[in-house]
Amino acid sequence: MKIARSGALVAIALAGALALSSCAANETTPPLGSSASPLTGTLNGIGSSAQANAQTAWAAGFQTANSAVTVNYDSQGSGAGRKAFIAGSADFAGSDAALSSDELAGKFVGCAADSKAIDLPIYISPIGVVYNVPGVTDLKLDAPTIAGIFKGTITKWDDPAIAAQNAGTTLPSATIVVVHRSDDSGTTENFTDYLATVAPDAWGVPTSQTWPFKVGDAAKGNQGVVSAVTSAQNSIGYADQSAAGSLSIAQLKVGGTYEAITTEGAAAVVGASPLATGRPANDLAITIDRKSAVAGGWPIALVSYMIVCQTYADAARATLVKAYATYVASAEGQAAGAAQAKSAPISSELAAKVVASIATIK
């Protein structure tokens, strides 16, 4: 559904943001909101439920500046978004996981015949271990214990592994109700990547976008997990912080201290992490350092991407995608998304790289 709001300031800021990148952009791209060649049409995105709140803000801001454009975003999940984009039924995908090597090796129906897709990081958020245990509000957990709980080897809340980290807290002798994602999920990939990297012996399986164990209850999307945990006492799950609502979030042992979840902590870890290797220069997939020792860092961080074509089969699609992506990556767009989703804006250094990559889209 199109979201329309008034506000000339957004239009001015957006036009300015595009003007700054115009030197590197295709010079045939019309100025944003130009009366001589105004942007018109509809953009359809499918993907990450973690991005959903931010996409609402981005669509509203972009449509304020471009009243003849409609931006639709359907938060079906990261895997569904990538599949839809690959099949040509979405103009862009939102994904909490970058395209895999196998996906990059395939054909993208909406892209030009000789073109592949690229990953643009546009959203950073911490993933929280959310829980609903009556009387417990300051739970502390380390990675091996989290792995044991979600693998199903730790089944009671008063298990010694949990009790040892929570001295002075009365833990019930209740069975732990585990809630995990039912869909192909980038949030699951980031969560399992953390466990596979930091607690490999306790976890015992590789990173996966689908839940690897037959443990607990399954729910679709971040909102589905949060709803299930909210409804069930003595339950635990994982979700993007923006979706956690009023649920408690466990403190995480990072190095020798327990850290509370913060967007700044996630951004610090991402900022210290390298770009993935072996990809095109304008593909900005990030390899998150799950063992990061950054002070106050939150290593269960999620980087969510806007996945687009390097070259679109339809030039009009390229014009709209470039304009929308530029707004999303701008300081104004990042501030709007962060305010709506309680996420962390990408750094100015990363934003500059993203804008440079957007400028190469044809």
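The values are calculated or read from the model by the stated rules, or taken from the named source; none is laboratory data. Just so you know, these numbers come straight off a predicted model, no measurement behind them. No Cβ is skipped: glycine too gets one built from the backbone with ideal geometry, and neighbour counts run over all protein chains shown.
Here are the numbers:
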item: Selection from the stretch 68-127 of residues that are hydroxyl-bearing (Ser, Thr, Tyr) and out of contact with any Cys (no Cβ under 9 Å at 6 or more places or on another chain); result: Thr70, Tyr73, Ser75, Ser78, Ser89, Ser95, Ser100, Ser101, Tyr123, Ser125
item: Candidate set: the stretch 94-108, residues that are more than 17 Å from Ile46 (Cβ to Cβ) and of a type in the set (D, E, K, R); chosen: the one modelled with the lowest pLDDT; result: Asp102
item: Cβ-Cβ under 9 Å pairs, at least 6 apart or on other chains, the stretch 201-213 side under 23 Å from Gly77 (Cα atoms), far side of a type in the set (Phe, Trp, Tyr) and part of a loop (DSSP other than H, G, I, E, B); result: Val205/Phe213
item: Those residues of the stretch 281-310 which are within 29 Å of Leu320 (Cα to Cα), out of contact with any Lys or Arg (no Cβ under 7 Å at 6 or more places or on another chain) and of a type outside the set (S, T, N, Q), in sequence order; result: Ala281, Asp283, Ile286, Leu302, Val303, Tyr305, Met306, Val308, Cys309
item: Tally of residues being touching a residue at least 24 places away in the same chain (Cβ under 8 Å), more than 24 Å from the chain's Cα centre (by Cα) and part of a loop (DSSP other than H, G, I, E, B) across the stretch 154-187; result: 9
item: Matching residues in the stretch 92-126 - criterion: being buried (at least 24 other Cβ atoms within 10 Å of the Cβ) and either in contact with a Lys or Arg (Cβ under 6 Å, 6 or more places away or on another chain) or hydroxyl-bearing (Ser, Thr, Tyr) (or both); result: Ala93, Ser95, Tyr123, Ser125
item: Of all residues making up the stretch 335-362, the number that are within 30 Å of Asp114 (Cβ to Cβ) and in a helix (DSSP H, G or I); result: 9
item: Those residues of the stretch 261-294 which are surrounded by 15 or more Cβ atoms within 10 Å (Cβ to Cβ), free of Cβ contacts under 8 Å to residues at least 60 places away in the same chain and small (Gly, Ala, Ser), in sequence order; result: Ala268, Ser273, Ser292
